[in-house]
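As structure tokens, the structure follows; a few thoughts come after it.
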Amino acid sequence: MVWWWEGLPDQAMRVPYADQEGLHIVLKIISETSDRLILFVTDDSCAPWMCVSGTASGLVDMLREQRFFEYFIVNSTMDWILFDTHHNSIVILGEGLSVLQSTRRKADG
């Protein structure tokens, strides 16, 4: 099986969280946007995937009440994508999130 995040370009940002709970990291990354976000539930299933939309805090609150499953989150214009993987890491790619911009500045500097 091939997972999307394994085929992303090298500029994708990877944030391992090991045995810690990763949702606080997800919230920190996506809370800067006031856009409605879309969360797709993949859980190793082929498309089509179920999805829900909501605010950053609303989606993370919902995730905290569930068993772990694989998902990805995008903003409404799909400028960026965030995956939470079964490897206990968050993978992010795109434009518009400050965490991505600061990583690019470090790589360019």
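See the values below:
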{"item": "Residue list for segment 48-76, filter: surrounded by 17 or more Cβ atoms within 10 Å (Cβ to Cβ) and aromatic (Phe, Trp, Tyr)", "result": "Tyr71, Phe72"}
{"item": "Subset of segment 77-101 (residues that are in contact with a Ser or Thr (Cβ under 8 Å, 6 or more places away or on another chain) and either over 15 Å from Ile25 (Cα atoms) or surrounded by fewer than 18 Cβ atoms within 10 Å (Cβ to Cβ) (or both))", "result": "Gly96"}
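The numbers here are math on the coordinates, done by the rules we state, and not lab data. If you're wondering where the values come from, they're calculated on a predicted model, not measured in any experiment. Cβ: placed from backbone, ideal geometry, glycine included. Neighbour counts: every protein chain shown.
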